[in-house]
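Participant: Here it is: the structure, laid out below.
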Amino acid sequence: MKRVDLRHLKDNFYDKMLEILKSLQNEEVVIFLFKIGDFSHIQKVADFVYENEFTLMNSLKFNEKDWTIVVKNIKPEIKKLEEEIKNEED
């Protein structure tokens, strides 16, 4: 398990987050800590993690300014199900 502090990047953490996610071994877990700023990034992070085919395990407000998320390097169940349905249709 890794712990990564992205607070110093403020709102520009997506590229660094993806770089770290892509470096994870299969089923490895990482905890990201980032600055909230406004709450618009919370849903964006969840969507970002899903779109890049990782699983968001947890999302917690750490204090008034910081947020933590836990991500696992495993394809989300919904994506797996979509692939299975598509394969059955072919």
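Participant: With r as the distance between the Cβ atoms of Leu18 and Ile78 and R0 = 22 Å, compute the FRET efficiency 1/(1 + (r/R0)^6) and round to 0.05.
Facilitator: The formula returns an efficiency of 0.65 here.
Participant: Computed on alpha carbon atoms, what radius of gyration and Dmax characterise the chain, expressed in Å?
Facilitator: 14.2, 49
Participant: Between Arg3 and Leu60, what is the spin-label point distance in nm, taking each point 7 Å from the Cα along the Cα→C-beta axis?
Facilitator: Roughly 1.1 nm, to one decimal.
Participant: For Phe34, Phe54, what's the fewest-to-most ordering of other Cβ within 10 Å of each Cβ?
Facilitator: Fewest-to-most ranking of Phe34, Phe54: Phe54, Phe34.
Participant: Just in the chain: which GluC sites (Glu not before Pro) are loop by DSSP and have at most 14 other Cβ atoms within 10 Å?
Facilitator: Passing both the DSSP loop test and the Cβ count: Glu27, Glu28, Glu53, Glu64.
Participant: Still on this structure, please answer the following. By Kyte-Doolittle mean hydropathy of at least -0.5 and Cα axial length of at least 27 Å, which whole DSSP H helices of the chain are selected?
Facilitator: none
Participant: Excluding residues fewer than 8 places away in the same chain, name every one of the aspartates and glutamates whose C-alpha is closer than 15 Å to that of Lys16.
Facilitator: Cα-Cα hits under 15 Å: Asp5.
Read-outs: derived from the displayed coordinates by stated rules, not from any lab. Remember, predicted model here, so these are calculated numbers, not experimental data. Ideal geometry is used to build each Cβ from the backbone, glycine not excepted, and the neighbour counts take in all protein chains shown.
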